[in-house]
Amino acid sequence: MNYHNYQNQRYKPQGKPERFQPDVDKIKKILNGDAQLLNEYANDLAVDFISPKNERYRLSTSQIRNVLDEIQRMQQYDKTKLQLLRPKLAYAAGRHKGKVKEFRDLIEELLKYTNQDNFQYFKYFIEAIVAYHRYHGGK
């Protein structure tokens, strides 16, 4: 390998970082009642949501708390009210970027699989994310 080839390899652009992808298999299992997986995945997500060094890209407790409050007001599954969360999350994600956008992506994925039968587990999962987020020092 000559010097020119070495330089080209060395400074080769890395590309965009991998985009957050919610784990659909885990989401389906959680919504089917797997409480252990619910705790593990919620904990992992909470740690990830507070991990960026730049404060601007972190997910704040108040941002996820707003979503949780909307969900907790629902006594039962209401597809219309759940769908109305989507524009609120889109606004927050557009305004704050970073982990707020990832949280929005997670909720979008959850909404695809949430129905009347598993709505309670949807609520439990969001509550667990908020709880673990606060536990790990989310502000």
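For every residue, the table says whether it meets (1) in contact with a Pro (Cβ under 6 Å, 6 or more places away or on another chain); (2) of a type outside the set (S, T, N, Q); (3) closer than 18 Å to HIS133 by Cα.
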| site | (1), (2), (3) |
| --- | --- |
| ASN39 | no, no, yes |
| ILE50 | no, yes, yes |
| ILE64 | no, yes, yes |
| VAL67 | no, yes, yes |
| ILE71 | no, yes, yes |
| TYR77 | no, yes, no |
| HIS96 | no, yes, yes |
| PHE103 | no, yes, yes |
Practice prompt. Only residues that are within 28 Å of GLY137 (Cα to Cα) and charged (D, E, K, R): list them for region 57-83, please.
Written response: ARG58, ARG65, ASP69, GLU70, ARG73
Worksheet entry | Residue that is modelled with the lowest pLDDT, among those in region 85-135 that are surrounded by 16 or more Cβ atoms within 10 Å (Cβ to Cβ) and of a type in the set (Phe, Trp, Tyr) | PHE103
Worksheet item: How many residues are farther than 18 Å from GLU70 by Cα and either outside any helix (DSSP H, G or I) or over 15 Å from the mean Cα position of the chain (by Cα) (or both) when one looks only at region 119-139?
Response: 5
Worksheet item: So is ASN39 of a type outside the set (Gly, Ala, Ser) and modelled with pLDDT under 95 or not?
Response: no
Worksheet item: Could we say that ARG65 is assigned to a helix (DSSP H, G or I), charged (D, E, K, R) and over 14 Å from the mean Cα position of the chain (by Cα) here?
Response: no
Worksheet item: Which one of these is part of a helix (DSSP H, G or I) and polar (S, T, N, Q): GLN72, GLN116?
Response: GLN72
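The values are calculated or read from the model by the stated rules, or taken from the named source; none is laboratory data. Owing to the predicted nature of the structure, the values given are computational and were not obtained by experimental measurement. Note that we place each Cβ from the backbone using ideal geometry, even for glycine, and neighbour counts take in every protein chain shown.
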